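The values are calculated or read from the model by the stated rules, or taken from the named source; none is laboratory data. Please read all numbers here as calculations on a predicted model, not as lab measurements. A quick note on method: Cβ atoms are made from the backbone with ideal geometry, for glycine too, and the neighbour counts reach across all protein chains shown. Each accessible area value is taken on the protein alone, full model and side chains, heavy atoms only, with ligands, DNA and RNA left out. Shrake-Rupley method; radii C 1.70, N 1.55, O 1.52, S 1.80 Å.
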Amino acid sequence: MNSAETLKLNKDFKRLYYRGESVVTRSVVLYVQKNRLGTNRLGLTCGKSVGKANKRNRAKRLMRESYRLIHPNLLAGYDIVIIARTRIVDKNCHDVMRDVHYAFSKLGMIK
């Protein structure tokens, strides 16, 4: 994932929270909204309720890897925020990928 493909500004995250479409799964919450760039931008968040730093970092790695594997099958031109839920700590990579794929398919973003 290139640095040009990440969401970093707080206003972008807030815009997605208030205006984007969302889907809740067992381990993640996904927010999506169309952008005008023609490429997808990804933002990951993981609150302190997930656990200490090592658990939060693992959760972000799982979400990033799930997105990396699903990315070639997604429609382009969207801002995406994936939020870790507390249940992600007990999941493996396959479970998180299944939840992320389900959320994207529910939003109609799979090609």
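Of LEU62, LEU42, all but one fail to be farther than 16 Å from LYS106 by Cβ, crowded, with 21+ Cβ neighbours inside 10 Å and in contact (Cβ under 8 Å) with a residue 24 or more places away in the chain; the exception is LEU62. For region 65-80, the tally of residues that are open to solvent by 50 Å² or more (accessible area, probe 1.4 Å) and over 22 Å from ARG19 (Cβ atoms) stands at 6. Restricting attention to region 64-87, the residues that are in contact with a Cys (Cβ under 8 Å, 6 or more places away or on another chain) and aliphatic (A, V, I, L, M) total 2. Across region 98-108, the qualifying residues are those that are crowded, with 20+ Cβ neighbours inside 10 Å and not aromatic (Phe, Trp, Tyr), and the one among them that is nearest to the chain's Cα centre (by Cα) is VAL100.
Checking each residue of region 36-59 against the condition of being among the small types (Gly, Ala, Ser) and within 16 Å of LEU7 (Cα to Cα) gives at least one match.
With respect to SER66, is the statement that it is closer than 27 Å to ASP90 by Cβ, within 15 Å of the chain's Cα centre (by Cα) and not charged (D, E, K, R) true? When the stated conditions are applied, SER66 passes them.
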